[in-house]
Amino acid sequence: MAVKVSSAKENENRVSFKLDGMSIEFANMLRRYCISSVPVFAITAVTFYDNTSSLFDEYLAHRLALLPVLTPSKVPKESEVVFTLDEHGPKVVCSGDLKSSDKEISMAKDRIPVITLTEKQSLRFEGKAVLGTAKTHAKFQSGIASYEEKDEKFDFYVESCFQMSGKELVLRACDSIEDDLKELQKAIKKA
């Protein structure tokens, strides 16, 4: 199968392109891998040392889990990154205020509001981020993808959640497909 890619357009976290020479099943597989099979970092556990804000620990932990974290390629599966915060009000605490234990891995966007602290309120915590995929939890979703079929050709639209560029998301999805096919090949040879 010879696949042709044309009319690629990239803009920050989005990419669109046309594909010719593939089946609808393969197009759907690529779409699904873009959405759920590309590993990204997300905060999974938070230890609160001080929280006099207006929100419960659990609610804040949920918000923190949904913040997009830059995820470099070729990160070991067992990687862990710790994000810390120690802030006092009055202040709007944003994602960029979280400090990472790894200079390569940080919040993808700096200006996402987390909480507003008023006078005499404070917030201090450590959050552990690990790699995961959206197959296990939505906080690990790497992006969204869709396509439109026109005369056995496909117009693809992919948008990352800012952990990487849209183009990088498609490339990593293709790598995940290759890895899974190699595992299938090994399993079949053993059978």
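The values are calculated or read from the model by the stated rules, or taken from the named source; none is laboratory data. Note that the structure is a prediction, hence the values are computed from the model and not measured. Quick reminder, even Gly has a Cβ in these numbers, built from the backbone with ideal geometry, and neighbours come from all protein chains shown. Accessible surface is based on the protein model in full, side chains and every heavy atom, while ligands, DNA and RNA are left aside. Shrake-Rupley method; radii C 1.70, N 1.55, O 1.52, S 1.80 Å.
Peptides 120-132, 90-102, 161-173 ranked from most to least packed by the mean count of surrounding Cβ atoms within 10 Å: 161-173, 120-132, 90-102.
For K91 and S7, a Förster radius of 45 Å and the Cβ-Cβ distance give a FRET efficiency of 0.50, rounded to the nearest 0.05. Computed from the alpha carbon atoms alone, the convex hull of region 134-191 holds 115 Å³ per residue.
Given a Förster distance of 45 Å, report the FRET efficiency between R111 and E152 from their Cβ-Cβ distance, rounded to the nearest 0.05.
0.55
When the pairs K9/K189; K4/K99; K4/K182; K128/K167 are compared against a 32 Å limit on Cα-Cα distance, K9/K189; K4/K99 fall above it.
The portion of the accessible surface of region 72-136 made up by carbon and sulfur, rounded to a whole percent, is 48 (1.4 Å probe; DNA, RNA and ligands excluded).
For region 41-83, GluC sites (Glu not before Pro) meeting the loop criterion (DSSP other than H, G, I, E, B) and having at most 11 other Cβ atoms within 10 Å: E78. For a paramagnetic label modelled on T52 (point 7 Å from Cα along Cα→Cβ), amide N atoms under 14 Å away belong, within region 117-158, to 117-124.
All distinct Cα pairs of region 92-191 go into the 1/r average, and the inverse of that average, the Kirkwood radius, is 17.3 Å. Less than 19 Å apart at the alpha-carbon level, and either on another chain or at least 8 residues along: which lysines does that give for K135? The qualifying lysines are K77. Taking other residues whose beta carbon is less than 12 angstrom from the beta carbon of S16, and scoring Lys, Arg as +1 and Asp, Glu as -1, yields 0. Length, then width, then depth: along the principal axes, the Cα atoms of the chain run 64, 41, 26 Å.
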